[in-house]
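Accompanying notes for the structure given below.
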Amino acid sequence: MSTLRGRVAGLPEWDRCAVMGVVNVTPDSFSDGGRWFDTGSAIKHGLELVAQGADLIDVGGESTRPGAPRVDEAEEARRVLPVVRGLVSEGVTVSVDTMRAAIAERALIDGAALVNDVSGGLADPRMVPVVAAAEAPFVVMHWRGFSEDMNSRAVYSDVVGEVVDELRERMDAVVAGGVAAERIVVDPGLGFAKGAEHDLALLAHLGELRSLGRPLLVAASRKRFLGRVLTDEGGGVPPARERDAATAAVSALSAREGAWAVRVHEVRATADAVRVARAVEEAE
Ligand code: PMM
């Protein structure tokens, strides 16, 4: 089945869908902003997620919630780099979630194993050259613009086809920029310039995303579309932190559809979900 999930050169290989735990070192991320904002508690939280079953930890210092303003580079470095170093020194496989080449470059020097750029290299023209020179694995996410006004770009006539085409275009540009194809991970970018109906359509067609021929990362954790799915009869929408069971359900579905990894805030339930998916796969 690893042919279904694929391999990412430069990263460990897991025999099931991998679990990427999220550590947002931000005061304002929509689902966990402010909770791990100092270096010590962010490192401690990352280690807790590993103990709960995370295979790698994604460290970010810039909120990408809809409408979020950008953080400046010095502040992003101050938030992210000490946490990357702290987790690497504990033997953790670390991913750095950044749109800035300078941050990615320094995180890679500090031992990060993967660059997760939600803009797929579009936000910073130096990103692709930096990742190429470091021979680092790279997440190419579907992205249509910065968070400040991304909701206005959520216009599709065929969301699955357009996301696949735009991702293919981005992958080609990244490869032309010198990043080896075997180091690329693709991600549909749930919630980024997408409404709930778009996110659900993408989840319903993960097989078409796999047709891009690269391992697939699915990051549904606590996102708005889950709030909509879980809305009660009175119109009440559960807050982000009450969407973890729904997130684990998406993890199981994604793992069954051959996702390479799922990115989640609450690891324990997803670690179980991917193991159940693996056991069912073995029984096939
Ligand atoms: N979503 C968020 C942040 N980073 N990275 C990838 N690759 N894919 C995503 O969908 C993604 C991401 C926003 O969620 P958060 O603020 O709760 O971490």
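Couple of notes before you dig in:
Residue-wise test of (1) within 23 Å of MET20 (Cβ to Cβ); (2) within 15 Å of the ligand (Cβ to nearest atom); (3) free of Cβ contacts under 8 Å to residues at least 12 places away in the same chain.
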position	(1), (2), (3)
LEU167	yes, yes, no
ALA173	no, no, no
ALA176	no, no, yes
LEU190	yes, yes, no
ALA193	yes, yes, no
THR231	no, no, yes
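- Within segment 104-117, being among the aliphatic types (A, V, I, L, M) and within 16 Å of the ligand (Cβ to nearest atom) holds for ALA104, ALA107, ALA112, ALA113, LEU114, VAL115.
- Scope segment 118-145; condition within 14 Å of the ligand (Cβ to nearest atom), part of a loop (DSSP other than H, G, I, E, B) and not β-branched (Val, Ile, Thr); matching residues: SER119, GLY120, GLY121, LEU122, ALA123, PRO137, HIS142, TRP143, ARG144
- Hey, GLY213 away from the ligand (no atom under 16 Å from the Cβ) and over 24 Å from CYS17 (Cα atoms) or not: no
- Check on ARG263, within 15 Å of the ligand (Cβ to nearest atom), modelled with pLDDT of 95 or more and touching a Gly at 6+ places or on another chain (Cβ under 7 Å): no
The values are calculated or read from the model by the stated rules, or taken from the named source; none is laboratory data. All of these numbers come straight from a predicted model, not from anything done at the bench. Cβ: placed from backbone, ideal geometry, glycine included. Neighbour counts: every protein chain shown.
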